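Okay, structure first, notes after.
The values are calculated or read from the model by the stated rules, or taken from the named source; none is laboratory data. Values in this document were obtained by computation on a predicted structure and should not be read as measured data. Cβ coordinates were reconstructed from backbone atoms using ideal geometry, including for glycine residues, and neighbour counts include every protein chain displayed. With ligands, DNA and RNA removed, areas are computed over all heavy atoms of the protein, side chains included. Shrake-Rupley method; radii C 1.70, N 1.55, O 1.52, S 1.80 Å.
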Amino acid sequence: MITITQLAPACVALAVGILSAVLYGRRRRWLDALLVLLAGVALAAALAEVRLRVPAPAQAVTTDSRGAIADAQLQAIADAGAIDLAGDGLRAAQWQDLPARPLRWTPGKEEALSLDFPRTMALGRVFTLTMHRPQAQGAWRLQLLAENGQVLADSATGASDGADATRAANAAIAAIAANAVNTAKVPGKAGDQSTQRSVQWLPPVAEAMVLQARVLDTGGKVVAAGPVPLQVTAPVPLNIVGRFNAPSFDASALNRLLTDGGAVLDWQVVLGKAIARSETARAPITAPNALVVDAAHVEQLAPGARTALLAQVRQGVPLVVLGGNAADAALWQRELGLRVRPQSPTTEQEDQRRFTIAGEEMTLAPAALNPDDAPGGEWTVLARDSKSRPWAWQRTMGPGRVVWIGVADWHRYAISAPRALALWWQGAMDAMALAGEHKTGWVLADPLPLPGLRTEICAQGVKPGAVLRIDGLADVRLLAREDKADAVCAAVWPPQPGWLVLRSAGLEAGRQYVYAPGDWPAWQRGLRREATAVYAARASGIEVAGTASHVRPLPVMPFAVLFALCLLALWWREQSSNPKSG
């Protein structure tokens with residue numbers, strides 16, 4: 001691309017050259033016309049200050065095993081036309097600070113892995129650690145260890161510290177949240193050569209802890225190991241309003257489970273005409289987490305009362321309907337657009353829902369009326385059992401939603417498998433009653449913060465400009481981000497490994513764990529490769545767009561010399577054609 005910055009002087013010079021050439025041409029002095037035209041073009045080029053856009057050279061970049069890069073290479077990337085990368089690349093925070101340039105890169109062949117686990121969870125929930133090793137060769141197993149080195153869980157046996165109650169306990173819980181069968185988080189067997197393993201453990205106390213995880217090969221040799229930080233918080237007590245128009249063992253079992261879990265209940269069960277049993281909440285319930293009703297309660301409400309109930313849902317209160325005693329299919333179709341059909345007696349056994357939780361098998365009967373597997377309309381499947389059969393459906397209504405529970409007879413496991421039943425309902429209530437409760441809190445998206453590397457700390461529920469206070473660091477302000485409409489964020493450079501305590505007005509104190517530079521080298525390698533692939537995709541169109549280039553001025557001296565030679569040739573010809581007399 002050519003750019004002319006001084007167009008007017010160049011045009012004048014070119015015009016003079018053309019005019020002079022015309023005058024010489026009229027006198028049939030063709031060689032002189034050519035010389036003067038060439039001189040005009042040379043002068044115009046010299047005066048125009050022509051600038052050329054030429055491709056910039058590629059910059060060779062090498063990263064070592066820890067992702068470090070020389071400062072000179074880092075600074076040279078801004079002026080480079082492309083990047084020739086050797087190594088596993090940089091972390092996402094480093095790539096984000098660099099301009100987009102076409103990237104030529106071949107990932108290294110060293111093994112990389114990734115870890116998936118919750119950094120914060122409430123007490124009473126089952127902790128699941130999942131490791132992915134895409135390049136794993138042969139059988140291997142994953143172990144979770146306590147801070148004192150005691151083995152808490154082993155993927156080879158599925159065993160965990162204490163009772164079997166923690167083994168595979170959140171299979172159904174994860175299925176609720178993911179709306180799919182949790183086949184990926186089943187503990188691996190000793191001879192399994194798949195690329196994924198999971199272990200599960202039930203934390204006994206609410207505190208911040210740094211567990212350890214390690215990978216063992218078939219010979220028991222440690223292949224990889226590192227810390228697993230976890231903050232266990234006190235559980236959020238549920239505020240539940242329950243209304244039932246028919247007494248049932250299922251409702252009684254649910255009442256006991258919620259009460260044992262510390263929930264605040266406003267419970268009422270109709271026992272007969274003008275007879276009801278009420279349980280008054282131990283504290284006023286101003287904002288219930290959920291309204292739990294049986295289908296008969298909704299069916300027997302007066303139209304005005306039913307309208308008022310749905311109005312509460314549209315204001316954001318989840319309505320959980322136990323469909324075990326549903327009888328009026330037309331009402332559900334008319335009021336909520338839910339098409340339900342009676343349970344076929346010929347397929348009752350096949351339609352049972354089966355769950356494997358806490359080492360126990362639970363088989364629950366389907367409700368009398370249930371939607372189809374694909375309900376259509378505004379209804380979607382919320383949860384499936386271990387055989388991929390749906391057992392809960394939902395429909396959003398403004399900020400609230402209606403959930404249909406399509407199973408019954410869970411009370412049978414209140415004695416035979418109480419732990420499994422409690423975990424099953426706990427996961428269900430987390431997904432149905434607490435799904436929209438986390439509107440404030442810390443959002444820590446960096447999977448592996450390191451000292452000296454920028455990490456992003458975000459918060460929900462606070463105003464832009466709020467002060468973020470971290471022990472040992474200067475205060476910073478949380479600012480709005482275009483890519484995070486519901487959160488405010490701040491950049492932090494942790495000085496050393498360990499826990500960072502996060503504080504801001506209006507939020508409970510949070511924690512962010514900073515890993516040591518030598519922790520989980522294979523995981524760090526995988527994160528760098530992922531970030532490098534994202535950067536390569538971002539820069540894929542740069543070369544076509546032509547932005548990776550330099551603008552250089554066209555040299556003036558050759559045109560000046562050409563102009564001078566042309567004028568000297570004209571002068572010589574003029575002198576030759578008009579010799580001096582005597």
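Couple of notes before you dig in:
- Three-way shape call for region 441-514 based on the alpha-carbon gyration tensor, with the a/c threshold at 1.5: prolate
- Here's how it looks for Leu369: its modeled amide H is under 5 Å from those of Ala326, which are all 5 or more places away or on a different chain.
- Charge dipole (debye, nearest 20) of the chain; +1 at Cβ of Lys and Arg, -1 at Cβ of Asp and Glu: 1900 debye
- Accessible surface of region 239-434, 1.4 Å probe, proportion on carbon and sulfur as whole %: 53 percent
- Amide proton proximity set for Thr120, modelled H, under 5 Å, gap of 5+: Gln231
- Spacing of the two label points (7 Å from each Cα toward its C-beta) at Trp30 and Asp373, in nm: 9.0 nm
- Restriction of the GluC sites (Glu not before Pro) in region 206-315 to DSSP coil positions whose beta-carbon has at most 12 other beta-carbons within 10 angstrom yields Glu207.
- Calculated from the structure at hand, semi-axes √(5λ) of the Cα gyration tensor in Å is found among (1) 72, 32, 23; (2) 81, 25, 20; (3) 39, 28, 23 as (1).
- The residue among Leu216, Trp30, Ala86 whose Cα reaches farthest toward the positive pole of the charge dipole of the chain, with charges on the beta-carbon of Lys, Arg, Asp and Glu, is Trp30.
- Potential extension, Ala308-Val210 segment - 0.36 nm per residue separation minus Cα distance: 30.4 nm
- Accessible area per residue for the chain, computed on protein heavy atoms with a 1.4 Å probe, is 50 Å².
- Gln75-Val534 FRET efficiency (beta carbon distance; Förster radius 30 Å; 0.05 resolution): 0.85
- In nm, spacing of pseudo-spin labels at Thr233 and Lys484 (7 Å Cα→C-beta vector): 1.6 nm
- Portion, in percent, of the accessible area of region 485-525 that falls on carbon or sulfur, probe 1.4 Å: 53 percent
- Couplings for region 245-253, taken from phi via the Karplus curve 6.51 cos²θ - 1.76 cosθ + 1.60 with θ = phi - 60°, read 9, 8, x, 8, 5, 5, 5, 5, 5 Hz in order; Gly and Pro are left as x.
- Hz values of 3J(HN,Hα) by residue in region 263-277 - Karplus curve (6.51, -1.76, 1.60), Gly and Pro given as x: 6, 8, 10, 10, 10, 9, 10, 7, 9, x, 4, 6, 10, 9, 9
- Whether region 239-434 is rounded, prolate or oblate, judged on the alpha carbon gyration tensor where a/c under 1.5 counts as rounded: rounded
- 222 nm mean residue ellipticity, helices alone, for the chain (DSSP H n ≥ 4; -39,500 (n - 2.57); rounded to 500): -8000 deg cm²/dmol
- Each peptide among 39-45, 469-475 gets the average number of other Cβ atoms lying within 10 Å of its residues, and from highest to lowest they stand as 39-45, 469-475.
- For region 98-113, putting each phi into the Karplus relation 6.51 cos²θ - 1.76 cosθ + 1.60 with θ = phi - 60° gives couplings of 9, x, 6, 9, x, 10, 10, 8, 10, x, x, 9, 5, 5, 10, 9 Hz, in residue order, rounded to whole numbers and with x for Gly and Pro.
- For Leu90, the residues whose modelled amide H falls within less than 5 Å of its own, excluding neighbours fewer than 5 places apart on the same chain, are Thr532.
- By the Cβ distance rule (another cysteine Cβ under 4.7 Å), the unpaired cysteines of the chain are Cys11, Cys566.
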